[in-house]
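Participant: I'd like to ask you about the structure that follows.
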Amino acid sequence: MEIAIIILGILFIIIGFAGSILPALPGPPLAYASLLLLLINESSHAVLESNNYIWLIVLGIVTLFITVIDYYMPILGTKKFGGTKAGSRGSTIGLIVAVILTFFTSGLAVILIIVGPFAGAYIGEKRAGQTPQVALQSAKGSFLGFIAGTFMKVVTVIVIGIYFAAVLV
């Protein structure tokens, strides 16, 4: 049972890492679930008790914060670069369309996920009557917000993975 829990925890971290890049999966929460599995594992339970669960709680709060803020990063980026609500909505729609298209075009998945929010923000701003320069700035902000959110998720999953490995060693 102990080995199965460890393998499942490692799988959660791997899937969590993939989910940090692909917006269809909740990356950090899946990786955090690997830490919760350690509570079931009796040999790591003693290590967790000696740390008074502080890291487990801190990582849980960070995971929750990153998961919530990640949804707002493209919107904040769009607004920071002068975009309107139309650009924010377009960015969100572009991301959703990109995620749906990744299921049909496996080789283009990463490219679609990067281009989707950018194109969506640009199209949203143009449909709202903005100039090409404003639309491009809005799209740039959406893209940078998406990249910032992805970076935060990847770092969170790496930290969770390191903690998981430290508890097992």
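Participant: Give me the angle, in degrees from 0 to 90, between the Cα long axis of helix 54-80 and the longest principal axis of the Cα atoms of the chain, rounded to the nearest 10.
Facilitator: 10 degrees
Participant: Treating the angle as unsigned and between 0 and 90°, give the value, to the nearest 10°, between the Cα long axis of helix 27-38 and the longest Cα principal axis of the chain.
Facilitator: Helix 27-38 sits at roughly 10 degrees to that axis.
Participant: Student exercise: in the chain, how many lysine pairs 8 or more apart or on different chains have Cα atoms under 19 Å apart?
Facilitator: Final tally of qualifying lysine pairs is 7.
Participant: Mind pulling the per residue volume of the convex hull built on the Cα atoms of the chain? Å³ is fine. Please report the intermediate quantities before stating the final value.
Facilitator: Working: hull volume 16.8 nm³, N = 169.
It is 99 Å³ per residue.
Participant: Against the longest alpha carbon principal axis of the chain, how many degrees, from 0 to 90 and to the nearest 10, is the axis of helix 109-127 turned?
Facilitator: 40 degrees
Participant: Could I ask something else about it? Please work out the FRET efficiency for the pair VAL169 and ILE21, using the Cβ-Cβ distance as r and a Förster radius of 22 Å; give the result to the nearest 0.05.
Facilitator: 0.25
Participant: Identify which of ILE93, ILE13, ILE61 has the largest mean-square fluctuation in a Gaussian network model of the chain, with springs joining Cα atoms closer than 10 Å.
Facilitator: ILE61
Each value in this text was obtained by applying a stated rule to the coordinates, not by laboratory testing. All figures in this text were calculated on a predicted structure; none of them were measured in a lab. Glycine gets a Cβ as well: all are built from the backbone with ideal geometry, and neighbour counts include every protein chain shown.
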